[in-house]
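Colleague: The structure follows.
Quick note: the coordinates plus some simple rules give every number you see, no bench work behind them. All values reported here derive from a predicted model rather than from experimental measurement. A quick note on method: Cβ atoms are made from the backbone with ideal geometry, for glycine too, and the neighbour counts reach across all protein chains shown.
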Amino acid sequence: MNLNPWNLLLSLIGGILAFFYQIIPNYGIAIILLTLAISLVLFPMTLKQTRSMKAMQEIQPEVKRLQKELKGDREELNKRLMELYQERGVNPAAGCLPLVIQMPIWFALFSVLRGGSGIPADSALAAAVDPAREAINAGVSLADPVFDAVRFLGMNLMASPSRAVSEQGLIAAIPYLILVLVIVAAGYYQQVQTTRTRDDKGQQSQAAQSMQSAMKIMPVFFGFISWTLPAGLGLYFATSNIFRIGQQALILRMDEEDGNGKETAGSSGSDQGDDRGSSGNGPRNGPSRNASKKRNRRKRR
């Protein structure tokens, strides 16, 4: 039995992909289901990433204050920042963790989609895609019926968008171009989603704008590499980004509702305290009982 971690990862991804294809014999849907399964497994890291990025925004005023106060003392500034991060439970590197974890998955998925690595030889998936794989490596025209088993939404999932454009022209390659556009747009929105904070005037904070500018390169990078990689891998990127947008929206909404619940509870307690002050022995804003008695006596006179 081969216990090489890389081969185990290939076998795991290939086996899961073959399993989904056995349930729904559609290559594109099998890739989407595989993507959703991986995204659910990585949800704890997505949760940590989203909350860490949100927490980083919340402490930006304190970070800027420290940077201003300790402008000439870099060592002390770094020390105070680390203390602030520990106090607030913020990990500046948490935002990169899901990307680092997914890199081996991307490489493994590329090997599975391009070379068939890890796919069980006796599976229905292997029987369906092996002829298409041999044809793509032999340079067979993308319009050939041999690729029917790997077509999805007008795309040959084994071909790259760049090859589709050069071989079929822009019009025929529109589905590939849309896929690359979705990857870039969804990746960009996914980054902006957790850095879009607004002040009382509805304007974005400068810290959020700086974070967004730094993150713009990642969606563009994924769009660039998707141009030269098989469309099946691009389908993984697009599905992953869209699903993570939903995950992050859910996390942010849950945290917001939790925060509003605590705030409402605090306000209710404060109101009850005011009511107790009014009905008890504390000071009251209204007229006292003695003042009312004096006014009644004057009226009787």
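Colleague: Most exposed first by the Cβ proxy, i.e. fewest other Cβ within 10 Å, how do 243, 107, 222 rank? Spell out each step's value before the answer.
Modeller: On the way: 243 20, 107 13, 222 23.
Final ranking by Cβ density, sparse to dense: 107, 243, 222.
Colleague: Then there is this: Among 43, 30, 17, which residue has its Cα positioned farthest towards the positive end of the charge dipole of the stretch 1-72, with +1 placed on the Cβ of Lys and Arg, -1 on the Cβ of Asp and Glu, and the dipole taken about the Cα centre?
Modeller: Of the options given, the answer is 43.
Colleague: Below 15 angstrom from the Cβ of residue 225, what's the summed charge of the other residues (Lys, Arg +1; Asp, Glu -1)?
Modeller: +2
Colleague: Dipole size in debye (nearest 20) for the stretch 54-167 around its Cα centre, Lys and Arg Cβ +1, Asp and Glu Cβ -1?
Modeller: Working: 13 positive and 14 negative charges, 103 e Å.
For this selection, approximately 500 debye.
Colleague: What ranking of 41, 182 emerges when the number of other C-beta atoms within 10 Å of each C-beta is taken as an exposure proxy, fewest first? Please report the intermediate quantities before stating the final value.
Modeller: On the way: 41 11, 182 19.
Arranged by neighbour count, lowest to highest, 41, 182 become 41, 182.
Colleague: Still on this structure: Which whole-number percentage describes the relative contact order of the stretch 1-119, with Cα contacts under 8 Å and a sequence gap of 6 or more?
Modeller: Working: 79 pairs, mean separation 54.0, N = 119.
Here the relative contact order equals 45 percent.
Colleague: How far is the Cα center of the stretch 126-174 from the Cα center of the stretch 1-38, in Å?
Modeller: 21
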